[in-house]
1. Which is farthest toward the positive dipole end of the stretch 34-81 among LEU76, ALA40, VAL65, measuring Cα position about the Cα centre, with Cβ charges +1 (Lys, Arg) and -1 (Asp, Glu)?
2. Would you mind calculating the gained length between VAL63 and SER47 on full extension (0.36 nm times residue separation, minus the Cα-Cα distance), in nm to one decimal?
3. Restricting to DSSP loop positions (anything but H, G, I, E, B) with no more than 15 other Cβ atoms inside 10 Å of their own Cβ, which trypsin sites (Lys or Arg not before Pro) remain in the stretch 29-83?
4. At 0.36 nm per residue, and after removing the present C-alpha to C-alpha distance, how many nm does the segment from LEU80 to ALA31 gain when stretched out fully?
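What follows draws every value from the coordinates through simple rules; no lab data is involved. No experiment lies behind these values; they were computed from the predicted model shown. In this analysis, Cβ positions are derived from the backbone assuming ideal geometry, glycine residues included, and neighbour counts consider all displayed protein chains.
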Amino acid sequence: MSSFRPPSPYRGVPDRPAISHRNSDPHPRVAKLSYSRKEAAEALGISLSSIDQLIHDEAIRTVPVGRRRLIPLTSLQEFLAAD
């Protein structure tokens, strides 16, 4: 038995460039209006415990949504502008 394989016809052929169509995404991204604690910490570049401390100190406002507490984008913007 021979282990010879013919060369692939696609070997060395560059990938075709993706065709970009305006508004072709079936699920367009929507700007976030609120963040979880983890997302807010990542957005600000600080630790989760720092976010928790800011929430505890009422430097960042949260809103209850069911059993969760979300941080509105405006609250993060106000915190950054306060300095």
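1. Value: VAL65.
2. Values: separation 16, 0.36 × 16 = 5.76 nm, distance 2.01 nm.
This chain segment gains 3.7 nm when fully extended.
3. Numbers: sites: ARG29, LYS32, ARG37, LYS38, ARG61, ARG67, ARG68, ARG69; in loops: ARG29, LYS32, ARG61, ARG67.
Here the sparse-neighbourhood loop sites are ARG29, LYS32, ARG61, ARG67.
4. Values: separation 49, 0.36 × 49 = 17.64 nm, distance 1.87 nm.
Additional length available on full extension: 15.8 nm.
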